[in-house]
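Following: one structure in structure tokens, then a few remarks.
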Amino acid sequence: MAQTKYNSQSLIPIYQIKKGVIILKDGSLRSIVEVAGVNIDLKSPEEQNILFNSWRAILNTLEFSLQVVILSYRLNINPYLTFLKNQIDRESNELLKIQGEDYYNFLTSLVTQNSIMKKRFFLAVPFTPHTFTPTKAAGQLSASFKNMFNFSREAFSQVSPISDQEFERAYQQLIIRQTNLAGNLNKMGLSCRVLDTKEIIELLYNLYNPELLENEALVFE
């Protein structure tokens, strides 16, 4: 039985990225909103309840599926340790020098025994033009960000073209969803921002090349 050959591009559900929007091969759109994290453990019980209730209220008012994506990866702090060591070596105050060395030794021991992790939080806001029917591989909740990394060769190798006029109409509707969501998040006290085209490309490149993401360095100058 002959085997069908696929190139790497056919395995990726993304057709195009423009105006800060991902266009999937089924003709639907995705906007990516990054949300700043909050340490819930540092909040009082009352503040925690307010956050939970506010988030629940947002979800209950949504008329579309929303994908929450948490990106967690190891952070390379060796450049920071080098910077810190250089600063300590140049310190003339003996007391500050001793304190700096203690801090340096503490960090060195910490990263030797533990991985330093960094987390980023994203929301994928979807919109599908009425003229398009999402494929089974991109249906319902999985139609959003997560599904872009679930490989379905048959679905992803087929492209449903979207005209410039259709894109603009869908784009305007997506912006409305995105703006309303961002506004509600801001009311919760959560800062957020919409990724532009360059940032989306970098994000997707890192996700498809996790070994590069794992080596991201924390640098202080």
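The values are calculated or read from the model by the stated rules, or taken from the named source; none is laboratory data. Please read these numbers as outputs of a predicted model, since none were measured by experiment. Neighbour counts are summed over all protein chains in view; Cβ atoms, including those assigned to glycine, are modelled from backbone coordinates with ideal geometry.
Before moving on, here are some points about what is shown:
- The one condition in (1) surrounded by fewer than 17 Cβ atoms within 10 Å (Cβ to Cβ); (2) closer than 25 Å to residue 179 by Cβ; (3) in contact (Cβ under 8 Å) with a residue 40 or more places away in the chain; (4) under 20 Å from the mean Cα position of the chain (by Cα) that residue 16 fails to fulfil: (3)
- Once region 20-35 is narrowed to residues that are touching a Ser or Thr at 6+ places or on another chain (Cβ under 7 Å) and not aliphatic (A, V, I, L, M), the residue that is surrounded by the fewest Cβ atoms within 10 Å (Cβ to Cβ) is 20.
- Inspection of region 140-152 finds no residue satisfying the criterion of being among the small types (Gly, Ala, Ser), in contact with a Phe, Trp or Tyr (Cβ under 7 Å, 6 or more places away or on another chain) and modelled with pLDDT under 90.
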